[in-house]
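Shown next, in structure tokens, is the structure this report addresses.
The values are calculated or read from the model by the stated rules, or taken from the named source; none is laboratory data. Computed from a predicted model, the values in this text were never measured in an experiment. Cβ sites come from the backbone with ideal geometry, for glycine too, and all protein chains shown count toward neighbours.
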Amino acid sequence: MSASFGRRALGGLATFVLSSTALLVSAQTRQEYLLTTDWKFAKGEQPDAAKPDFKDAGWQTVRVPHDWAIYGPFDGNNDLQTVKIEQNQEQKATQKAGRTGGLPFIGTGWYRRKLAVPGFKAGQRAVLLFDGAMSDAHVFVNGKEVGSWPYGYNSFSFDITSYLKASGDNTLAVRLKNQSEASRWYPGAGLYRNVHLIVTDDVHIPVWGTYLTTPDITAQSATVKLRTQVAAGGARPALRLVTEIKDAAGKVVATSTSNLAAAGTPEFDQTLQVPQPKLWSPETPVLYTASSKLYAGQTLKDTYTTRFGIRSFKFEPGKGFSLNGQPRKFKGVCNHHDLGPLGAAINVAALRRQLTLLKDMGCDAIRTSHNMPAPELVQLCDEMGFMMMVEAFDEWKAPKVKNGYSQYFDEWSERDLVNMVHRDRNNPSVIMWSIGNEVPDQSNANGPIIAKRLQDIVHREDPTRPVAAGMDRYGDDFKYGMANMLDIPGFNYKPYQYPDALSKLPQGFLLGSETASTISSRGVYKFPVVRAKQKQYDDNQCSSYDLEACVWSQTPDEEFVKQDDIPNVLGEFVWTGFDYLGEPTPYDEKWPSHSSMFGILDLAGMPKDRFYLYRARWNPTAPTLHLLPHWTWPGREGQTTPVFCYTNQPSAELFVNGVSQGRQTKTKSDQPQTRYRLMWNDVKYAPGSIKVVAYDAQGKAVGEETLHTAGKPHHIKLVADRTKLSADGQDQAYVTARVEDAQGNLCPDAADQLQVSVSGAGSFRAMGNGDPTSLELFHKPQMHAFHGQLVAIVQAANKAGDAVLKVTAPGLQAGTLQLKVGAK
Ligand code: GAL
């Protein structure tokens, strides 16, 4: 086999994708490899699998990141739980099948791989860095255990130098184990994030070894403080650190040289001035890099790049949040870590697509509920401009689930927090840390004591950012005192308590750390149209009129009113941006429901109607004019079929088959919806078309939108998010397949089974239709359209060329799409 390695920039560093046969010669002092290929994998207990001579030829060959459970099959018995979900206000235990996605993630899995360390020699160090491993990782090199890390969401590293052989290949083995009843959602399984091998000189800058802050910023200059740790196995020589700060164009804008005597603290402190700094914000995500070179005498020992942004922010009592001096509110979403059809396996193109969709909606902030994110997400938030609330835990000492994090809390919480903060504290996107979500410890006197301990740890490791938590036990939060001691009191689903809370809170502000939890299925509309809580239907779907929520949650508009009317509310993080695997509320007890309905976008990343309600509010630069429901209702002729319009214009007129239904204007009333939506509640359905004409504040017609009754399904239309991909074997295009009639109208009830094939320089990766009850497997190339649509994921090959996607279905004209796969 020929040497195969790709190279890509990760956090500004050269990173190599290492195959076990790659012969990589490099003059660099630091080499970073991504261990992606040539992994062997087997499920179940495997005695002796850590040993180098273990025979793994019969194991499956996989590529990491890898989620062993996403390939299914779905089965309600995979993680059957008989539980009472307390935070959902349940009164008795009931059986729940799809609570964690109904996928086979429980149990043990082993990964093995040859570990070539090219050119490794005496005087060097080798470190393995795991971005996250699900879960309870035990890592072995040449048969010896080098370390373990229980929490599946955190990043961790081990120095493996003393475990490596002087020559020849080494063997890396990783054992992972997921317990039952350990999660409230689908956690994924396996080496679902990247694994890095980092080779340096013995004298080097360790993993996450820099801490960069920008304490003073003026229009003329920004002060950059860079603390750089140095590690050495033996006696440390005198060292010199030369740091250059480069702007986004790569121009050096500041330099500093510092010396460190042979003895003393192994840490450099450098202060640099960046002239006329360009500030980072969601709208201007400008990044700088600090490139440091470490010398002993004339010998270059290490190079290290710290990417950063220059921005300041404040949370002020009575004023709220400001970024770079500009007051603003968080227009945020909470997201779980899974990527729908990909499961938990991380992919940069998939993350970028999610963020692109959220950006278009006007979203400017992400809460990584309820755990540490993949580092790639943080890097993308830096680059694309999102503010982050990086969260650590869903549980402290008091459990929510039988085998959750509470079992590790005492021993591991400090280490977990330290790694979280060290990894991401140089990233400008991270604005605040969250130490927990709805921890039951809110309800006892120990809760605030734990909260203080955790908050102090975070402050010790990063004094520049505040600490938040998402609280849901309103009375107890004041009774026991958690609400008063957090830097940022975050409340989940408490818009009606905001005035009372603000009257009691010493902080002078509060955050909607988790809001709405409206439930809907894309393309599903139920009649009559009424506001409802915990409403269930025979088909296990929820209505997209966006009026349905849970007993503890609200419609979007109920939160909007409070955000708009009450000063010192810092903004909101909507539950959730995207649907996720698991938590199919309100159908927790109704298999085959196994994925959530809270998302503004569905599990395949297709926008639900709600997307446009948020877009109209959050995206001030693009016009939004969206009509719902669809207008193909055979059998509903003459029946009341309300029409809603989501727009950033104040008023609009609706026409059914050319007949005006009157003009609606957004108004304040005792119904929060009338302020944010235009609604015609008495429209009688007649086939044909509906048209809306929007008017601006001056009464000028500024846009119109028409929906037609669809005819018979005729052809498949393919719409790609991107048509040019990188030939790196990882890049992905997300192609929406639409079943349309002869005139190009979406057939909103089409459920044809679509068959997907990809030829040329790409392959079929997975697909999803957003149906939370579908048991079709994501990686199989056939799936039914759900309400006329699905999304197919095409993955680029390692070689350049054209990739051709073909989607067929009996009786429909096929859809074909050509994608260019080429050099970056
Ligand atoms: C919250 C919780 C989330 C999710 C959500 C559903 O209470 O923090 O993780 O369960 O409810 O509405």
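Quick notes on this structure:
- Of all residues making up the stretch 329-346, the number that are in a loop (DSSP other than H, G, I, E, B) and within 18 Å of residue 732 (Cβ to Cβ): 7
- The stretch 463-488, residues that are without any contact (Cβ under 8 Å) to a residue 60 or more places away in the chain and among the acidic types (Asp, Glu): 476, 477
- Answer from 116, 57, 49 - the residue that is free of Cβ contacts under 8 Å to residues at least 40 places away in the same chain, more than 19 Å from residue 184 (Cα to Cα) and of a type in the set (A, V, I, L, M, F, W, C): 57
- Any hit, the stretch 412-426, residues being within 16 Å of the ligand (Cβ to nearest atom) and under 20 Å from residue 377 (Cβ atoms): no
- Residue count for the stretch 336-378, restricted to those that are within 16 Å of the ligand (Cβ to nearest atom) and in contact with a strand residue (DSSP E or B) (Cβ under 6 Å, 6 or more places away or on another chain): 6
- Restricting the first member to the stretch 551-565 and to residues that are touching a residue at least 60 places away in the same chain (Cβ under 8 Å) and aliphatic (A, V, I, L, M), and the second to residues that are more than 16 Å from the ligand (Cβ to nearest atom) and not in a helix (DSSP H, G or I), the beta-carbon pairs closer than 8 Å and six or more apart or on different chains are 561/672.
- Scanning the stretch 520-555 for residues that are within 16 Å of the ligand (Cβ to nearest atom) and over 18 Å from residue 600 (Cβ atoms) turns up 532, 533, 534, 535, 536, 551, 552.
- Tabulated pairs, the stretch 352-376, first within 13 Å of residue 601 (Cα to Cα), second modelled with pLDDT of 95 or more and within 16 Å of the ligand (Cβ to nearest atom), C-beta under 6 angstrom, 6+ apart or interchain: 358/577; 363/333
- Among the residues of the stretch 97-107, some residue qualifies, meaning at least one is of a type in the set (S, T, N, Q), in contact with a Ser or Thr (Cβ under 7 Å, 6 or more places away or on another chain) and assigned to a loop (DSSP other than H, G, I, E, B).
- Residue in the stretch 774-789 that is under 25 Å from the mean Cα position of the chain (by Cα), part of a loop (DSSP other than H, G, I, E, B), surrounded by fewer than 16 Cβ atoms within 10 Å (Cβ to Cβ) and of a type in the set (A, V, I, L, M) present: yes
- Scanning the stretch 505-519 for residues that are closer than 15 Å to residue 474 by Cα and either surrounded by fewer than 24 Cβ atoms within 10 Å (Cβ to Cβ) or away from the ligand (no atom under 12 Å from the Cβ) (or both) yields 505, 510, 511, 512.
- Options 219, 231, 189: the member that is small (Gly, Ala, Ser), away from the ligand (no atom under 16 Å from the Cβ) and in contact with a Phe, Trp or Tyr (Cβ under 8 Å, 6 or more places away or on another chain): 189
- Residue pairs meeting the criteria (Cβ under 6 Å; at least 6 apart or on separate chains; first crowded, with 24+ Cβ neighbours inside 10 Å, in the stretch 584-595; second of a type in the set (Val, Ile, Thr)): 593/773
- Of all the criteria given as (1) among the aromatic types (Phe, Trp, Tyr); (2) more than 16 Å from the ligand (Cβ to nearest atom); (3) touching a Ser or Thr at 6+ places or on another chain (Cβ under 7 Å), the one not satisfied by residue 611 is (3).
- Set side by side, the residues 670, 682 differ, and just one is touching a residue at least 12 places away in the same chain (Cβ under 8 Å), surrounded by fewer than 16 Cβ atoms within 10 Å (Cβ to Cβ) and assigned to a loop (DSSP other than H, G, I, E, B), which is 682.
- Boolean, residue 569 is in contact (Cβ under 8 Å) with a residue 12 or more places away in the chain and either within 26 Å of residue 444 (Cβ to Cβ) or within 13 Å of the ligand (Cβ to nearest atom) (or both): no
- Filter result (part of a strand (DSSP E or B) and of a type outside the set (Gly, Ala, Ser)) within the stretch 589-614: 601, 607
- Single condition residue 540 does not satisfy, out of (1) assigned to a loop (DSSP other than H, G, I, E, B); (2) surrounded by 23 or more Cβ atoms within 10 Å (Cβ to Cβ); (3) touching a Phe, Trp or Tyr at 6+ places or on another chain (Cβ under 7 Å); (4) not basic (Lys, Arg): (2)
- Selection from the stretch 350-398 of residues that are surrounded by 21 or more Cβ atoms within 10 Å (Cβ to Cβ), among the charged types (D, E, K, R) and out of contact with any Cys (no Cβ under 8 Å at 6 or more places or on another chain): 364, 382, 391, 394, 395
- Residue match in the stretch 70-87 (condition: within 16 Å of the ligand (Cβ to nearest atom), part of a strand (DSSP E or B), touching a residue at least 24 places away in the same chain (Cβ under 8 Å) and more than 25 Å from the chain's Cα centre (by Cα)): yes
- Residue under evaluation residue 378, criteria (1) closer than 30 Å to residue 80 by Cβ; (2) β-branched (Val, Ile, Thr); (3) assigned to a helix (DSSP H, G or I), criterion not met: (1)
- Members of the stretch 264-285 found to be touching a residue at least 24 places away in the same chain (Cβ under 8 Å) and in a loop (DSSP other than H, G, I, E, B), listed by number: 266, 276, 277, 278, 279, 280, 281, 282, 283, 284, 285
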